[in-house]
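Each remark here refers to the structure printed beneath this line.
The values are calculated or read from the model by the stated rules, or taken from the named source; none is laboratory data. All values reported here derive from a predicted model rather than from experimental measurement. All Cβ positions, glycine included, derive from the backbone under ideal geometry; neighbour counts span all protein chains shown. Note: areas computed on protein heavy atoms with side chains; ligands, DNA, RNA excluded. Shrake-Rupley method; radii C 1.70, N 1.55, O 1.52, S 1.80 Å.
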Amino acid sequence: MVNIPEYYAGKNVLITGVTGFMGKVLLEKLLRSCPGVKAVYVMVRSKAGQSPQARIVDMINCKLFERLQREQPGFAQKIIALNSDLTQPDLDLNKEDQSILAENVNIIFHCAATVRFNESLKDSMQLNFLATQKMLALARMMNHLEVFIHVSTAYANCDREVIEEIIYQPPVDYHKLIDTLDWMDDDLVSVLTPKLIGERPNTYTYTKALAEYLLQQEAGDLNIAIVRPSIIGASWKEPFPGWIDNFNGPSGIFIAAGKGILRTMRASNDAVADLVPVDVVINTTLAAAWYSGSQCNRPKSILVYNCTSGGINPFHWGEVEYCINMTFKTNPLEQAFRRPNVNLRSNQFTYQYWTTVSHTLPALLYDGYLKLTGRKPRMMKTITRLHKAMMVLEYFTSHSWVWNTDNITMLLAQMSPEDKKMFNFDVRQLHWAEYMENYCMGTKKYVLNEELSGLPAARKHLNKLRNIRYTFNTILLVLIWRVFIARSQMARNIWFFVVSLCFKFLSYFRASSTMS
């Protein structure tokens, strides 16, 4: 078998979802590590008055592409943006673009999806299921297609405890479901959604499972492979450590913890935090396409790759908590609300108690202060949004799964030493403490755009918050004690006994000093 860069040399690649987090990293890695690739077609819709071409120009001017710009200054000429909307009939592609794709494309990476867990079932079906069906129809038109890679999620079958690298049959016939959703109004769909998704926590995982089954049923002669990443986090190594560009998934939670807004969270310390760096997912995806596309004999069934870390190099939510607190105390975010000190609670009662004490009451007090100073209150609104985000993630931070990764092991074994180095996805080599520090610092630098030169001021602010906290706690303790003393003779007796004991100790100390 040829090595990975040689396989992509002279090939035309089509990518959906290129403006998303994964899509950007996939495009950058493909162009940088496979310089022989002929062209990369990207399907992008117009947005906010910007054409697809203008959106791509804006995208490749971000920090992610700086290394590629240095190494291959003319890389942008290989990117061909096509106006397309995956929710529209025929993907909203004109006839000319359809013909271009049909005659040229060799490899498809279908990354586009809605990752919003609270998306309505109709919208989730439109973006995660029907768009995949339309991409299959487009793929059948292509005369030189070698492989179709579909990016799914490891949580597509999270209603199971043990998840194999196979496609599971869903509990509903997707043809009937589509027909039903066509005539149902939104309110009725909303009522029936919990019954339809069953033990799955949201419409995202449900529709991703349906899309996998669709691929199995309607693949025909197409050569298809599925990559299932778990919780995708910041980059591990490429193009540099810690790159992240959004608040999605754990990133927003990390930032809220670093700002001191998030103080308690519903999670199990012992549950496995199945994080997987985005560059690991991308390297797996590129290697999966190489393996399936360069095989003389096509596999009998669709190859599925569980791109996870929990079974190979487990890392627990309790360890995530520790790393976040330590990193943001050492390298704090600017203008923190309170000192970083997030704690995980598995018990519902204690979680609700600490939510009230650590989140709601401080937010109300701060909003009251803002009102008194003539400013618009905002903290309670922020806390409400944060609680909604945590409710969505609670299912994943409180459970653990066992994923089979035999195909991942097989794929790694098929690669040459050079490819293993250039397209590394061996998470056994991942040092979690170092990765988490880079991840947290990545949210500071690339999401919040905070310069490292501001660290001294941020540390000074954190010390100020610590002193305010100690002063407030001392005053509160004295006030409570004074009220308690005023109401109890026993408390007064204890107080006078402690004071007299301290006085006697000081007298003894002074007498001893005089004798010396």
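All told, residue 258 meets the bar of being outside the structural domain of residue 307 (by the TED database) and of a type outside the set (Lys, Arg).
Scanning region 371-387 for residues that are without any contact (Cβ under 8 Å) to a residue 24 or more places away in the chain and either open to solvent by 100 Å² or more (accessible area, probe 1.4 Å) or within 33 Å of the chain's Cα centre (by Cα) (or both) yields 371, 372, 375, 376, 377, 378, 380, 381, 384, 385.
Screening the candidates 68, 64, 82 for the property of being over 18 Å from residue 216 (Cα atoms), in contact with an Asp or Glu (Cβ under 6 Å, 6 or more places away or on another chain) and part of a strand (DSSP E or B) yields one hit, 82. Comparison of 421, 371 shows that the only residue that is in the same structural domain as residue 62 (by the TED database) and of a type outside the set (Asp, Glu) is 421.
Restricting attention to region 67-98, the residues that are in contact (Cβ under 8 Å) with a residue 60 or more places away in the chain and either outside the structural domain of residue 234 (by the TED database) or open to solvent by 20 Å² or more (accessible area, probe 1.4 Å) (or both) add up to 2. Kindly evaluate residue 101 against the criterion of being more than 30 Å from residue 54 (Cα to Cα) and surrounded by 12 or more Cβ atoms within 10 Å (Cβ to Cβ). So residue 101 does not fit the description; no. With the condition kept exactly as written, say whether any residue in region 396-405 is modelled with pLDDT of 90 or more, closer than 28 Å to residue 62 by Cα, in the same structural domain as residue 238 (by the TED database) and of a type outside the set (A, V, I, L, M, F, W, C). The answer is no, given that none of the residues of region 396-405 is modelled with pLDDT of 90 or more, closer than 28 Å to residue 62 by Cα, in the same structural domain as residue 238 (by the TED database) and of a type outside the set (A, V, I, L, M, F, W, C). Residues in region 301-328 that are within 19 Å of the chain's Cα centre (by Cα) and aliphatic (A, V, I, L, M): 320, 324. Residues of region 221-234 that are outside any strand (DSSP E or B), in contact with a strand residue (DSSP E or B) (Cβ under 6 Å, 6 or more places away or on another chain) and buried (at least 22 other Cβ atoms within 10 Å of the Cβ): 230 alone. Screening the candidates 46, 51 for the property of being in the same structural domain as residue 31 (by the TED database), over 23 Å from the mean Cα position of the chain (by Cα), of a type in the set (Ser, Thr, Tyr) and surrounded by 15 or more Cβ atoms within 10 Å (Cβ to Cβ) yields one hit, 46. Among helices (runs of 4 or more DSSP H) entirely within region 402-444, having at least 3 residues that are farther than 30 Å from residue 259 by Cα singles out 406-414, 417-422. For region 487-501, the set of residues classified as at pLDDT below 80 and open to solvent by less than 80 Å² (accessible area, probe 1.4 Å) consists of 488, 491, 492, 498, 499, listed by residue number. For residue 442, state whether it is over 21 Å from the mean Cα position of the chain (by Cα) and of a type in the set (Gly, Ala, Ser). So residue 442 does not fit the description; no. When you look at residue 33, is it open to solvent by less than 20 Å² (accessible area, probe 1.4 Å), of a type outside the set (A, V, I, L, M, F, W, C), out of contact with any strand residue (DSSP E or B) (no Cβ under 6 Å at 6 or more places or on another chain) and under 30 Å from residue 198 (Cα atoms), yes or no? Criteria not met by residue 33. Residue-level analysis places residue 433 among those that are at pLDDT 90 or above, of a type in the set (Gly, Ala, Ser), open to solvent by 30 Å² or more (accessible area, probe 1.4 Å) and outside the structural domain of residue 157 (by the TED database).
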